[in-house]
Amino acid sequence: EDQVTQSPEALRLQEGESSSLNCSYTVSGLRGLFWYRQDPGKGPEFLFTLYSAGEEKEKERLKATLTKKESFLHITAPKPEDSATYLCAVQARADSWGKLQFGAGTQVVVTP
Amino acid sequence: SAVISQKPSRDICQRGTSLTIQCQVDSQVTMMFWYRQQPGQSLTLIATANQGSEATYESGFVIDKFPISRPNLTFSTLTVSNMSPEDSSIYLCSVYMSSGNTIYFGEGSWLTVV
């Protein structure tokens, strides 16, 4: 069965203190791995899709990387506005294109 | 990208009633989906809304409880029937955009059943 595990569950950072979030996955044929940001009371905001091991994508202070078993979301010199829950999801080859299996998320709080 | 509008954004519902959530997309999309996010939990796919045919439901979700309509390529509705407090969740509409293999989500409809 496909599984997505995110760690840590919660992360508290000082402004400027870089860190990484982990997403471990087991899936029978990965089509894509997605990262989203979700603010309280809002829908998930798309960040990245990664497809193959070794791939990296960047957006402002965020950088996502992918290996055969996990993905990392690096937050460089975070600011308070980076506070959110970050969700990882896998898109399996056996499933329809729109079906994503999500991890539980990592709640990030960045303090000034 | 796609702009997805959901109505209502929030509602408080009485036990035993039904509520229909609307999802409007600003462009024609082939695939539309409905997800549920229970309090403190992550997202789970309810069903794929198929245009012109019955929705395809995931394991654990049934048409009698969550009837779905998809009359055209920009609009879908999800009804939560005979609600109980366990149905208190955020319900999210999503669309798949083949250009870029991207899946976008609406802002969600936050239902509280009392």
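The values are calculated or read from the model by the stated rules, or taken from the named source; none is laboratory data. Quantities reported herein were computed from a predicted structural model and do not represent experimental measurements. Positions of Cβ are backbone-derived with ideal geometry, glycine not excepted, and every protein chain shown enters the neighbour counts. Note: accessible area is taken over every heavy atom of the protein model, side chains too, but ligands, DNA and RNA are not part of it. Shrake-Rupley method; radii C 1.70, N 1.55, O 1.52, S 1.80 Å.
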Tell me, what is the per residue accessible area of chain B in Å², probe radius 1.4 Å? 47 Å²
Carbon-plus-sulfur fraction of the accessible area of the stretch A:3-111, 1.4 Å probe, in percent? 47 percent
Rounded to whole Hz, the Karplus (6.51, -1.76, 1.60) HN-Hα couplings of the stretch A:95-112, x for glycine and proline: 9, 5, 4, x, 8, 10, 9, 9, x, 6, x, 10, 8, 10, 10, 10, 9, x
Taking the C-alpha atoms of the protein assembly as shown, how large are the radius of gyration and the largest Cα-Cα span, Dmax, in Å? 17.6, 52
Provide the descending list of Cα extents for chain A along its principal axes, expressed in whole angstroms. 44, 31, 20
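Arrange the residues B:26, A:82, A:39, B:64 by how much accessible surface each exposes, largest first, with a 1.4 angstrom probe. Don't skip to the end; give the middle numbers.
Working: B:26 95, A:82 10, A:39 50, B:64 130 Å².
So, going from the largest accessible area down, we get B:64, B:26, A:39, A:82.
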Nearest 100 Å² is fine: how much accessible area is buried between B and A, summed over both sides, with a 1.4 Å probe? 1600 Å²
The ³J(HN,Hα) series, computed from each phi in the stretch B:37-44 with the Karplus coefficients 6.51, -1.76 and 1.60 at θ = phi - 60°, rounded to the nearest Hz and given as x for glycine or proline, is 10, 6, x, x, 10, 8, 7, 10
Once you place label points 7 Å from the Cα toward the Cβ at residue A:61 and residue B:15, how far apart are they in nm? 4.6 nm
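Once you mark the GluC sites (Glu not before Pro) that are in a DSSP loop and have at most 15 other Cβ atoms within 10 Å, what is the longest gap between them in chain A? Spell out each step's value before the answer.
On the way: sites that count: A:1, A:9, A:15, A:17, A:55, A:60.
With GluC sites (Glu not before Pro) excluded where exposed in loops, chain A gives A:61-112 as its longest stretch.
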Spin-label pair residue A:42/residue A:1, simplified geometry with 7 Å Cα→Cβ offset, distance in nm: 3.3 nm
How large is the accessible surface of residue B:12 in square angstrom, using a 1.4 angstrom probe and rounding to the nearest 10? 120 Å²
If I model the stretch B:17-107 as equal point scatterers sitting on the Cα atoms and use the Debye formula, what is log10 I(q)/I(0) at q = 0.17 Å⁻¹? -0.69
Per-residue HN-Hα couplings for the stretch A:63-79 [Karplus 6.51, -1.76, 1.60; θ = phi - 60°; Hz; x = Gly/Pro]: 9, 10, 10, 9, 10, 6, 10, 7, 10, 10, 10, 8, 10, 9, 6, x, 10
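Looking at the stretch A:24-112, which trypsin sites (Lys or Arg not before Pro) are in a loop (DSSP not H, G, I, E or B) and have at most 12 other Cβ atoms within 10 Å? Show your work: numbers first, answer last.
Working: sites: A:31, A:37, A:42, A:57, A:59, A:61, A:63, A:68, A:69, A:93, A:99; in loops: A:42, A:61, A:68, A:69, A:93, A:99.
Qualifying residues, ordered by number: A:68, A:69, A:93.
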